[in-house]
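For reference, the structure is listed below as structure tokens.
Taken together, the values in this text are just the output of simple stated rules run on the coordinates, not laboratory data. Quantities reported herein were computed from a predicted structural model and do not represent experimental measurements. Cβ: placed from backbone, ideal geometry, glycine included. Neighbour counts: every protein chain shown.
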Amino acid sequence: MRLNADQRIAFDALCQAVASGEGGAFFLEGFGGTGKTFLINLVLAKIRSDRGIALATASSGIAATLLDGGTTAHSRFKIPIDIQSDSTCNIPAQSHLAELIHETQLVFWDEAPMQHRHTFEAVDRTFKDIHNDPRPFGGVMFCFCGDFRQILPVVPRGTRGQIVSACLKRSPLWHHVQRLPLTINMRLFSPQMSPEERLHQEEFANHILAIGEGRDTNNEIIQWPLNGIVPDNTSRSLAN
């Protein structure tokens, strides 16, 4: 599978940043179908084929299973479940995990927007301590991935303002992040798809995108076409 223009720019930027050894942070952003997971796995394969160490993590277990060698970020970095503004990860300086972090060149973190900003700050604090380096994440390159139109951090009984404040974009770390946007819906280029199916998929994708960007609401009420509604609410129907 060939890379499209957006993917090529992102691939080259990530590989060049790893080769420079200067660290840094990126955010690979795009709505569903733009090929984020494909690109992540491609970069992982490239770095590892060059005998480098690249870690694949995600905010959810399901997302982690789609990455080559993926694990949840909480499992990989021993992040506390009850995260606080001054939390750190439970990684002893002389542990095998600390040694792995010392050797790591790149960390991918998929579905990053759904995590509380304190989670990233705890990892940043821990990496700085392990590397004894004041740069973001101790000089280790991070690439966060996801779509802020989707699930944001869950703040129990939180107001809109509190939820927004919990986002990665509100963290001081965000000032160090370089955006890598993916905008081409690759699902529309399947050779097995008929023109009618392609048109239907494009309309559906545009509708989802409009909802995510707040362009398809009427007094905060979302209108949904009847042909997109599951006819009953049984578990079997939802599974199918």
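Axis of helix 5-20 versus longest Cα principal axis of the chain: the two differ by about 10°, to the nearest ten degrees.
If you fit an axis through the alpha-carbon atoms of helix 36-49 and take the longest principal axis of the Cα set of the chain, what angle between them do you get, 0 to 90°, nearest 10? For helix 36-49, the angle is close to 30 degrees.
Could you give the dipole magnitude of the chain about its Cα centre, charging the beta-carbon of Lys and Arg +1 and that of Asp and Glu -1, in debye to the nearest 20?
On the way: 22 positive and 25 negative charges, 37 e Å.
Here the size comes out at about 180 debye.
Can you show me the helix-derived [θ] at 222 nm for the chain, built from DSSP H runs with n ≥ 4 at -39,500 (n - 2.57) apiece and divided by the number of residues, rounded to the nearest 500. Provide the component values of the computation, followed by the final result.
Details: 9 runs with 92 residues, N = 240.
After summing the helix terms and dividing by residue count, I get -11500 deg cm²/dmol.
Listed by chain and number, the aspartates and glutamates placed with their C-alpha closer than 16 angstrom to that of LYS78 are ASP86, GLU99, GLU121, ASP124, ASP129; residues fewer than eight positions away on the same chain are left out. If a/c stays under 1.5 just call it rounded; otherwise compare a/b with b/c (prolate if a/b is bigger, oblate if not). Do that for the range 156-211, with a ≥ b ≥ c from the square roots of the Cα gyration tensor eigenvalues. Because a/c hits 1.5 or more and a/b fails to exceed b/c, the range 156-211 counts as oblate. DSSP assigns beta bridges within the chain; of those with both partners inside it, close to 10 percent run antiparallel.
I want to verify a result. In a Gaussian network model of the chain, Cα cutoff 10 Å, which of these has the top mean-square fluctuation: SER85, SER59, SER171? Judging by the Gaussian network model, the answer is SER85. Our Cα-only numbers for the chain put the radius of gyration and Dmax at 19.5, 59 Å.
Taking the C-alpha atoms only, the angle from helix 117-131 to the longest principal axis of the chain is near 30 degrees.
Under the rule a/c < 1.5 gives rounded, and otherwise a/b versus b/c splits prolate from oblate, where does the range 107-240 land using the Cα gyration tensor?
prolate
Each peptide among 192-201, 26-35, 96-105 gets the average number of other Cβ atoms lying within 10 Å of its residues, and from highest to lowest they stand as 26-35, 96-105, 192-201. Build a GNM of the chain with springs between Cα atoms under 10 Å apart, and of SER75, SER20, SER87 the one that fluctuates most is SER20.
Shape descriptor for the range 1-135: Rg over Rh equals 0.95 (Cα atoms; Rh from the Kirkwood inverse mean 1/r). The alpha carbons of the range 18-92 occupy a box of 34, 31, 20 Å along the principal axes, longest dimension given first. Averaging the Cα positions of each part gives two centres, and for the range 22-56 and the range 131-164 these lie 18 Å apart.
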